[in-house]
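The values are calculated or read from the model by the stated rules, or taken from the named source; none is laboratory data. These figures come from a predicted structure and were not determined experimentally. When we count neighbours, we look across all protein chains shown, and the Cβ atoms used for this are built from the backbone with ideal geometry, even at glycine. Surface accessibility is based on the protein's heavy atoms, side chains included, excluding ligands, DNA and RNA. Shrake-Rupley method; radii C 1.70, N 1.55, O 1.52, S 1.80 Å.
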Amino acid sequence: MQTAANVVTKLMDANRDRIDIGSAVIHRLADMEDVTWPAAAVFRDLPPSVLQRAAETYPTAIDAAANALKLTFNSYIIKTPDYLCLIDAGLGNNKERLDRPLWHRRNGDFLERLKALGYAPEQFDIVINTHLHADHVGWNTVMTDGAWVPTFRNARYIVPAIELANGEARYQTDSNALHGAFADSVQPIIAAGRYRAVDLPCEIAPGLWLEPAPGHTLGMATVRLRGESRDVLFLADAIHSPMQLATPDLTSNFCVDPAQSRATRHRLLDACAGTNTIVATYHFPPPVFGHIVRSGSGYSFEPIT
Ligand SMILES: [Zn+2]
């Protein structure tokens, strides 16, 4: 018999990159890790005390001495008896990102590590783009015979309808939209007829939901896997840094609607706090799976161990 205590089975390695929820297996797979970004480039007007306090609690995510964040770019794989799904697609390889030197013409081993986990790209049924930013769509495509083609050639690519409409509108007037990612990572999926644009909320497979989380972009989705006894909530860019747990009002420079971003973050944290919902974070270094708990006037993250 399954009890609450054994539903979450901690299985794998010291990196805590896998959890099992009932019959679902969830892996974290990062495209890039340990990327140092100046804190002010992510959060302008950041009070030094907020950085310092968070650095003591989350030392792998914040380098207070350097006034910098350590960012990770995580994808998640969900395998259930019904489907194999990838949530978010990192930065990709060989992409021209002239205004983002760290992302420019990368040659990472994401696909090799995916295969080492036992998954071939052609096995995927679903690829979710939570939103159309360059660091979430890169592995949508690979260069084959001089053309960008879908990496996951048998998958339906799921995207919030608002995201796709807004992205197409921008691309009409700016061929370099999304630092070039619309042209090389989104447009080829449209051309191949692989996108399914959905209105939110939407159950895209049994127990797998896209839910609205606007503010970072206007159409961004979080992803919820509904388990028998608990949910896993994939937060996308609703929260960029652990600093935003203690200080949920802190909003990244990349959020198009800061007030809406704040409201979404407060709503999600309030809904998760003190529950058995497991959250999975996009830009946090490991450990990435944990629970939200109330702490003082804000929240904190308790990793699953
Ligand atoms: Zn983003």
Under 19 Å from a label point 7 Å along Cα→Cβ of E122: give me every residue in the range 138-153 with its amide N that close.
140-153
For R226, R294, write out the residues from largest to smallest accessible area, computed with a 1.4 angstrom probe and no ligands counted.
R294, R226
For A65 and D34 in one chain, what is 0.36 nm times their gap in residues minus the Cα-Cα distance, to one decimal in nm?
9.6 nm
What is the percent carbon and sulfur in the accessible area of the chain, measuring with a 1.4 Å probe over the protein chains and ignoring ligands?
51
Probe 1.4 Å, all chains present, heavy atoms only: R16 accessible area in Å², nearest 10, is 80
Summed over the other residues with a beta carbon less than 13 angstrom from that of W103, with K and R at +1 and D and E at -1, the charge totals 0
Pairs of alpha-carbon atoms within less than 8 angstrom and 6+ residues apart define the contacts here; what relative contact order does the range 1-158 have, in percent?
19
Dipole magnitude of the chain about its Cα centre (Cβ charges: Lys, Arg +1; Asp, Glu -1), debye to nearest 20
220
Solvent-accessible surface (1.4 angstrom probe) belonging to D82, in square angstrom, nearest 10:
110
Lysine pairs with alpha-carbon atoms under 23 Å apart, the range 4-303, spacing 8 or more or separate chains
5
Working out 0.36 nm times the residue gap between H266 and T173, then minus their Cα-Cα distance, what length gain in nm do you get to one decimal?
30.1 nm
Could you give the nm distance between label points at R113 and N253, where each point is 7 Å from its Cα heading toward the beta carbon?
2.6
Which Cα, out of H131, V198, L235, lies furthest along the positive dipole direction of the chain (beta carbon charges, K/R +1, D/E -1)?
L235
What residue among Y58, Y76, Y195 shows peak mean-square fluctuation when the chain is described by a Gaussian network model with Cα springs under 10 Å?
Y58
Rank these by accessible area, largest first, 1.4 Å probe: R194, R267, R105.
R105, R267, R194
Theoretical gain in end-to-end length, H104 to E228 [0.36 nm per residue, Cα-Cα removed]:
40.4 nm
Taking the chain as the region of interest, what is the percent of Cα-Cα pairs per 20 angstrom bin, listed from the shortest bin to the one with the maximum distance?
35, 60, 5
Taking only protein heavy atoms into account and a 1.4 Å probe, give the accessible area per residue of the chain in Å².
42
